[in-house]
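The values are calculated or read from the model by the stated rules, or taken from the named source; none is laboratory data. Here the structure is a predicted model, which is why all the values come from computation and not from measurement. Because the Cβ atoms are built from the backbone with ideal geometry, glycine has one as well, and the counts that use them run over all protein chains shown.
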Amino acid sequence: MGSISGALAAEGEALGVLWVDAHMDLNTPSSSASMNLHGMPLAALLKLGDTQFSEMNAVWSRLQAEVVEGPGLPPSHVSWLGLRDVDEGEAVNFRTLPGALAITMQTIDHEGLAACIRLLEDWIWQTGIKRLWISFDVDSMDPLYAPGTGTAVRGGLTYREGHYLAECLHKTLFTSGSFCTLAGLDVVEVNPLLDRNNETARMAVGWVESLFGRQILREEI
Ligand SMILES: [Mn+2]
């Protein structure tokens, strides 16, 4: 939350967010079954209201006020990719966000990842986002490739899909004359205690390398 809040203070309306995650992280205290704050960062950054618990409301409002200055992240500047474990309350919250873009695994299966990335790029262009913050949750990847994480969900991105996404994002964000550049990156939810031979951490490092321009063919031939 803090990193995106800082970026928002620095970049203002130019900032957009790409949340690569199995989860929306869009719960408010009253929509969350677990009350786990890990499921609420985007709701806090978007300053989503909460109506159910009056006692909790004060804490939620205070958290939002302390984390983000002003009106918060504009709803139309938030996108997700890789969703496959969305709570009912999060889906309800999502419907209150005009212009936000949610790319689920179902869409990726149906349209193909390349078409989904074009959709994302069109959204960035049309929304006028000039600086993109990427939050890469390793649970966006299938647990086969990222077992070391607390809330793994089957049916995620394959190793190849993950790298293809990173390579395409590199092209979009780092080519000279790009309409949008990278504002910052969070890599989250690697848990070494749950990992298998450090596979998840290594996958995450490899993903970041691809985002910053490592190309397998150019490197190895
Ligand atoms: Mn997640």
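Screening ALA183, ALA146 for residues that are in contact with a helix residue (DSSP H, G or I) (Cβ under 6 Å, 6 or more places away or on another chain), surrounded by 21 or more Cβ atoms within 10 Å (Cβ to Cβ), assigned to a loop (DSSP other than H, G, I, E, B) and in contact (Cβ under 8 Å) with a residue 24 or more places away in the chain leaves exactly one candidate, ALA146. For segment 17-43, the set of residues classified as of a type in the set (A, V, I, L, M) and without any contact (Cβ under 8 Å) to a residue 12 or more places away in the chain consists of MET35, LEU37, listed by residue number. For segment 186-200, a tally of residues being in contact with a helix residue (DSSP H, G or I) (Cβ under 8 Å, 6 or more places away or on another chain) and away from the ligand (no atom under 16 Å from the Cβ) returns 2. Checking each residue in segment 149-163 for being buried (at least 21 other Cβ atoms within 10 Å of the Cβ) and in a loop (DSSP other than H, G, I, E, B) picks out THR149, ALA152, GLY156. Looking only at residues that are of a type outside the set (Gly, Ala, Ser) and within 14 Å of the chain's Cα centre (by Cα) in segment 95-116, which one is farthest from PRO74 (Cα to Cα)? Top of the filtered list is MET105. Only a single item in (1) within 20 Å of the chain's Cα centre (by Cα); (2) surrounded by fewer than 18 Cβ atoms within 10 Å (Cβ to Cβ); (3) not in a strand (DSSP E or B) is not met by ASN197, and it is number (1).
Of everything in segment 15-50 that's touching a strand residue (DSSP E or B) at 6+ places or on another chain (Cβ under 7 Å) and small (Gly, Ala, Ser), which residue is surrounded by the most Cβ atoms within 10 Å (Cβ to Cβ)? Taking the candidates together, the pick is ALA22.
Residues in segment 51-68 that are surrounded by 11 or more Cβ atoms within 10 Å (Cβ to Cβ), touching a helix residue (DSSP H, G or I) at 6+ places or on another chain (Cβ under 9 Å) and modelled with pLDDT under 85: PHE53 only. Within segment 125-138, being over 18 Å from MET24 (Cα atoms) and out of contact with any Gly (no Cβ under 6 Å at 6 or more places or on another chain) holds for TRP125, GLN126, THR127, GLY128, LYS130, ARG131. Taken residue by residue, segment 125-136 has no member that is within 16 Å of the ligand (Cβ to nearest atom) and assigned to a helix (DSSP H, G or I). Regarding ASP85, is this residue within 16 Å of the ligand (Cβ to nearest atom) and either closer than 24 Å to THR172 by Cα or touching an Asp or Glu at 6+ places or on another chain (Cβ under 9 Å) (or both)? Against the criterion (within 16 Å of the ligand (Cβ to nearest atom) and either closer than 24 Å to THR172 by Cα or touching an Asp or Glu at 6+ places or on another chain (Cβ under 9 Å) (or both)), ASP85 qualifies.
If you go through segment 19-50 and pick out every residue that is within 14 Å of the ligand (Cβ to nearest atom) and either among the β-branched types (Val, Ile, Thr) or out of contact with any helix residue (DSSP H, G or I) (no Cβ under 7 Å at 6 or more places or on another chain) (or both), you end up with 9. Could you list all residues from segment 73-90 that are without any contact (Cβ under 8 Å) to a residue 60 or more places away in the chain and either of a type outside the set (Ser, Thr, Tyr) or surrounded by fewer than 17 Cβ atoms within 10 Å (Cβ to Cβ) (or both)? Within segment 73-90, PRO75, GLU88 qualify.
Listed by first and then second residue, the pairs with beta-carbon distance under 6 Å, at least 6 apart or on different chains, first residue in segment 201-215 and more than 13 Å from THR175 (Cβ to Cβ), second aliphatic (A, V, I, L, M) and in a helix (DSSP H, G or I), are ALA204/VAL138; TRP207/ALA166; SER210/ALA166; LEU211/ALA166; LEU211/LEU169.
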